[in-house]
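All of the numbers you see were taken from the coordinates with simple rules; none came from a lab. Keep in mind the model is a prediction, meaning the values are calculated, not measured. Counting neighbours? That spans all protein chains shown, and the Cβs are built from the backbone with ideal geometry, glycine included.
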Amino acid sequence: MKKSTLLKTGIIGTAVAALCCFTPVLVILFGAVGLAAWVGYLDYVLMPALIFFVGLTIYAYTRKKKGKCCEAGNTDAQK
């Protein structure tokens with residue numbers, strides 16, 4: 001997987017998980033669909049998902065940053 005794709009996935013996943021954690025988007029959606037009984041279990045899924053995607057974003061960012069550093073170092077050493 002490309003470094004930029006990994007970073008985009010992390011950022012989008014973090015945004016979606018944060019949107020669902022901190023706003024009542026899923027509560028309203030589950031209520032409209034008739035799955036309001038599942039609202040109590042959303043915290044067990046959304047918080048780990050948010051933590052995972054934040055970690056993925058940090059990992060991808062540091063990997064991308066480290067890659068740029070190494071690429072610059074390799075081009076200077078070859079010249």
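What distance in nm separates the simple spin-label points at Phe30 and Lys8, each placed 7 Å from Cα in the Cβ direction?
3.1 nm
Fewest Cβ neighbours within 10 Å first, please rank Tyr61, Tyr41 accordingly.
Final ranking by Cβ density, sparse to dense: Tyr41, Tyr61.
Would you mind classifying region 3-72 by shape? Square roots of the alpha carbon gyration tensor eigenvalues, ordered a ≥ b ≥ c; an a/c under 1.5 is rounded, otherwise it is prolate if a/b is larger than b/c and oblate if not.
Cα axes put region 3-72 in the prolate bin.
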